[in-house]
Structure formats: C-alpha cells, structure tokens
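Undergrad: First the structure, then my questions, so here it is.
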Amino acid sequence: MQMALVILFAVSAVLFIASFIKMKKQSRDDQKQIDTYYAVMLDETNQLKEQIRKLEMDEEITAQEAGVMGLNSEARSTMRKMLDLYKRGYSIKSIAAQTKLAEQEVEEILAPYDSGRNRGRKLANDA
C-alpha cells in the first residue's frame, strides 16, 4: 500500500512539473503571437498616419490652387464645426446659437450640404 502511494506521489510530482514546463512554453508562444500582432498593428497605424498626412497635404495643395481659404483659417474651422453639428442632427437655430451667427447665414452656408434632410419631414407632415 505504501509503495502504491509513493508511486502515485512520484507520478503526480512528475506530471505537475511537466504541466509547468508546458505552461511556460505555451506562455512563450502566446507572447510571440502577441508581439507579432502588435508589430502588425503598429505598421498599419503608421501606414494610416502616413496616408492621412498625404491626404491633408493634398487637400492643402488643392485649396491653395483653387484659391480657397487655408486649412487653419478661423472661417474654415467654423465651417467644419457647423457642418459637423448639422450632420449630427442639430437644428439650424442651435447651430446659429453655438456659432454666434444669424440663422439665415447658417442656412446659406449649409445649403450646399443639405441632402434633403428636412424635405422628407415636411412631406410627411403635410400628408
């Protein structure tokens, strides 16, 4: 009986040590895989940043060639803010309040970007 217990204890100790070795190897493999994913993501991020930088430069060149206001001008910044608010569903009145412009001015500025957002509502309400 004692011999069986000693054998079982020895086998359990060997299996315990083997499991630690296998776990350590698996941990190294997992770390290598994580490092590979990290490197790929870092490369993709750098490529995207480079593409964005090139697009911004192209936009600036096009704006300069067309004689449009520069990227850093206050008017362009206000225009971006107004267009962003408009696309998120803000009313002309609230956009005018936030930009401190008259409602008529805001409507005129945003008119080229109106994609029929309010036209459908008017038709639905008229029926």
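The numbers here are math on the coordinates, done by the rules we state, and not lab data. The structure displayed is predicted, hence computed values, not measured ones. Counting neighbours? That spans all protein chains shown, and the Cβs are built from the backbone with ideal geometry, glycine included.
Undergrad: All other residues with a Cβ under 14 Å from the Cβ of L42 taken together, and with Lys, Arg as +1 and Asp, Glu as -1, what is their net charge?
TA: That sum, taken over residues with Cβ under 14 Å, equals -3.
Undergrad: Residue by residue, what Karplus-based ³J(HN,Hα) values in Hz, rounded to whole numbers, does the range 22-30 have, using 6.51, -1.76 and 1.60 with θ = phi - 60° and x for Gly and Pro?
TA: 5, 5, 5, 5, 4, 5, 5, 4, 4
Undergrad: Which shape class, rounded, prolate or oblate, goes with the range 1-53 when its Cα gyration tensor gives a ≥ b ≥ c as root eigenvalues, a/c under 1.5 marks rounded, and past that a/b bigger than b/c marks prolate?
TA: Because a/c hits 1.5 or more and a/b exceeds b/c, the range 1-53 counts as prolate.
Undergrad: Under the classification rounded if a/c is under 1.5, otherwise prolate if a/b is larger than b/c and oblate if not, where does the range 74-114 fall, given a ≥ b ≥ c as square roots of the Cα gyration tensor eigenvalues?
TA: Since a/c stays below 1.5, the shape of the range 74-114 is classed as rounded.
Undergrad: Would you mind computing, in nm to one decimal, how far apart the modelled labels at E50 and A97 are, each placed 7 Å from Cα along Cα→Cβ?
TA: Taking the simple label geometry, E50 and A97 are separated by 4.8 nm.
Undergrad: Can you give the FRET efficiency for E108 and M57, using 1/(1 + (r/R0)^6), R0 = 30 Å, r = Cβ-Cβ distance, to the nearest 0.05?
TA: Computed FRET efficiency for E108 and M57 comes out at 0.50.
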